[in-house]
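Take a look at the structure below.
The values are calculated or read from the model by the stated rules, or taken from the named source; none is laboratory data. The structure presented is a predicted model; accordingly, all values stated were derived computationally and were not measured. For neighbour counting, all protein chains shown are included, and Cβ atoms are generated from backbone atoms with ideal geometry for every residue, glycine included. When the accessible area is computed, the model is the full protein with side chains, heavy atoms only, and any ligands, DNA or RNA have been set aside. Shrake-Rupley method; radii C 1.70, N 1.55, O 1.52, S 1.80 Å.
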Amino acid sequence: MRLIIVSNRLPVTVVNQGGIFSFRRSVGGVTSGLSSYLKSKIEGKEIEYIWVGWPGIFVKDELKENLTETLLKDYNCYPIYLSEVEIEGFYSGFCNKVIWPLFHDFPEKAVIDPSLWDYYVNVNQLFSNVVKTISSEDDIIWVHDYHLMLLPKLLRQDLFNIQIGFFLHIPFPSIVMFSLLNIKWQMDLLKGILGADIVGFHTSDYTKNFEGCLRTVLNIESKSNNTLCFEERVSKIDCFPMGIDFKNFSERAKGKYNIKKTRALQNTFNGNKLILSVDRLDYTKGILNRLSAFELFLERYPAWYYKVNMLLVIAPSRIEVESYSVLKSEIDSFVININAKFGSKEWTPIIYHYKQFSSTDLITLYTACDVAILTPLKDGMNLIAKEYIACRNDYTGTLILSERAGASKELSEAIIVDPDQSEELINALFEALTSISLEQIKKIKNMQYRLQRNDVFSWANEFLLGLKEANSMANSLFKNV
């Protein structure tokens, strides 16, 4: 039995340097978490798998065969090749100009263009064709995220009995947002997802939103055991909060190499309190809100001049989309203005890095910074919050976390804030910088205990066990019809 992971991107990104391909690890908590799981063993046996997805670049036809061989042999990856037009219409287009803003409650940023839907349909069909050619009835197919919501049904049409699971890593919207889509798109997306035996979400709120859309759009009601019947199939809908590789982060954080780097970084700031803000570039992350709150904090509490620094780390993302390039300019201006307003030759309030940090460097930031402030306006989970807590081996550190991040449901001991309320953010910063108590140590221990129990391995195992049971139930009921 083999596990086939299907996602928009492969866990490795291909780089073409003068006709020579090189490979680097793809970024992102989902990729990192799944990769850790696939390297683990179940009952002493290695997991047999293949990962299907786009390699991150356009590849000419004459180079595809050799690249496919290399990816299969060295990385267990099977590439889906997209044309430049498909990349623009599918990924930059429907996925990130339609689905992403609507599912994160930003309808004003959505571009409802019918031509983009056609690209979405065609690329999902392309994925289906490839997966069908490499799979057998004994395989388990696990489809991930909003790029491939049509895929489960497309696969089910020819692989009726095979185990198919679908997991959405972003929020599922309320019917108010979902209904802004064309009614045919609404129906096709819901039907597409229901091709899976089990559908997973990070939180119960997203699960309820999905069920609400099913009732309104398809007139389907889920039963008390979270199952529903549709088109001769039974699907199970459930909540599976994704975890991290807690042990990996914790052990690397207390390693000698990281301790040395942590001390060196702290010495650079002469013992100042350090506030960490780390995200990829995205309007859903609430970056401008927290910068504004930090500015107001400094205005209100001048005693903190020269005693605190914010380390602002932003990973480049989707810069080809206009709204992202505009956001980048706004952030740059905000940082310049704050540093000019409060800074001096001896003190720069915000240390700004616009680049992708390695996991090793991120762990150093997690262990060096006294406070982490993560205030997304809407977020499926936010694994960075969990990584920060996992790295606090001395049980110090304070997490300020948005109530709209999925992780807030598990990390309730953090300082939970409404990211739109600047007063809450200012007060949270003051509390985080001034409170040192046994109570705070207890909070960190409680969160670590929870994250250790509900790590990425238990998440994946629980989902796949649920998939097996749901598929068995679906096939049994179908045979009895």
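Looking only at residues of region 365-411 that are in a loop (DSSP other than H, G, I, E, B) and among the small types (Gly, Ala, Ser), we find that the one that is nearest to Pro107 (Cα to Cα) is Gly380. If the condition is being touching a Lys or Arg at 6+ places or on another chain (Cβ under 7 Å) and open to solvent by less than 40 Å² (accessible area, probe 1.4 Å), then region 339-370 contributes Ile363, Thr364.
Going by the conditions given, is Ile50 touching a strand residue (DSSP E or B) at 6+ places or on another chain (Cβ under 8 Å), over 30 Å from Ser174 (Cα atoms) and open to solvent by less than 20 Å² (accessible area, probe 1.4 Å)? For Ile50, the condition - touching a strand residue (DSSP E or B) at 6+ places or on another chain (Cβ under 8 Å), over 30 Å from Ser174 (Cα atoms) and open to solvent by less than 20 Å² (accessible area, probe 1.4 Å) - is met. Screening Thr398 with (1) open to solvent by 30 Å² or more (accessible area, probe 1.4 Å); (2) over 17 Å from Leu312 (Cβ atoms); (3) touching a strand residue (DSSP E or B) at 6+ places or on another chain (Cβ under 8 Å); (4) not hydrophobic (A, V, I, L, M, F, W, C) gives one miss only, at (1). Report yes if some residue within region 120-129 is closer than 14 Å to Leu467 by Cα, in contact (Cβ under 8 Å) with a residue 12 or more places away in the chain and open to solvent by 40 Å² or more (accessible area, probe 1.4 Å); otherwise report no. No, the conditions are met nowhere in region 120-129.
Kindly indicate which of Val130, Val111 is modelled with pLDDT of 95 or more, at negative phi and either over 22 Å from the mean Cα position of the chain (by Cα) or not β-branched (Val, Ile, Thr) (or both). Can you show your working first?
Numbers: Val111 fails: modelled with pLDDT of 95 or more.
One residue alone meets the criteria, Val130.
Quick one: would you say Tyr324 is among the aromatic types (Phe, Trp, Tyr), in contact with a Ser or Thr (Cβ under 9 Å, 6 or more places away or on another chain) and in a helix (DSSP H, G or I)? Working first, answer last.
Details: among the aromatic types (Phe, Trp, Tyr): yes; in contact with a Ser or Thr (Cβ under 9 Å, 6 or more places away or on another chain): yes; in a helix (DSSP H, G or I): yes.
For Tyr324, the condition - among the aromatic types (Phe, Trp, Tyr), in contact with a Ser or Thr (Cβ under 9 Å, 6 or more places away or on another chain) and in a helix (DSSP H, G or I) - is met.
Look at (1) surrounded by fewer than 16 Cβ atoms within 10 Å (Cβ to Cβ); (2) assigned to a helix (DSSP H, G or I) and you find that Ala428 fails only one, number (1). A Cβ distance below 6 Å, combined with a sequence gap of six or more or placement on separate chains, defines the contacts here; from region 408-427, residues that are within 16 Å of Leu383 (Cα to Cα) reach residues that are part of a loop (DSSP other than H, G, I, E, B) and open to solvent by 70 Å² or more (accessible area, probe 1.4 Å) in the pairs Ile416/Glu403. With respect to (1) at pLDDT 95 or above; (2) under 30 Å from Ile175 (Cα atoms), the lone exception for Val85 is condition (2). Out of Ile20, Ile5, one residue alone is aliphatic (A, V, I, L, M) and closer than 16 Å to His147 by Cβ. It is Ile5.
Hey, could you check region 12-31 for residues that are of a type in the set (Ser, Thr, Tyr) and surrounded by 14 or more Cβ atoms within 10 Å (Cβ to Cβ) and say which is farthest from Phe167 (Cα to Cα)? Break it down stepwise before answering.
If we filter region 12-31 for residues that are of a type in the set (Ser, Thr, Tyr), which is where we start, we get 13, 22, 26, 31.
When the remaining residues are screened for being surrounded by 14 or more Cβ atoms within 10 Å (Cβ to Cβ), the result is 13, 26, 31.
Values: Thr13: 22, Ser26: 19, Thr31: 13 Å.
Going through the qualifying residues, I end up with Thr13.
If the condition is being more than 30 Å from Ser472 (Cα to Cα), open to solvent by less than 30 Å² (accessible area, probe 1.4 Å) and aromatic (Phe, Trp, Tyr), then region 235-268 contributes Phe246, Phe249.
Residue-level check: of (1) open to solvent by less than 70 Å² (accessible area, probe 1.4 Å); (2) outside any helix (DSSP H, G or I), Ile436 misses just (1). With the condition kept exactly as written, say whether any residue in region 182-190 is farther than 28 Å from Ala405 by Cβ, of a type in the set (A, V, I, L, M) and at pLDDT 95 or above. Yes - at least one qualifying residue is present in region 182-190.
A count restricted to region 314-336 and to residues that are of a type outside the set (A, V, I, L, M) and either without any contact (Cβ under 8 Å) to a residue 40 or more places away in the chain or open to solvent by less than 30 Å² (accessible area, probe 1.4 Å) (or both) stands at 8. The residues in region 156-172 that are surrounded by fewer than 23 Cβ atoms within 10 Å (Cβ to Cβ) and out of contact with any Gly (no Cβ under 6 Å at 6 or more places or on another chain) can be counted, and the count is 7.
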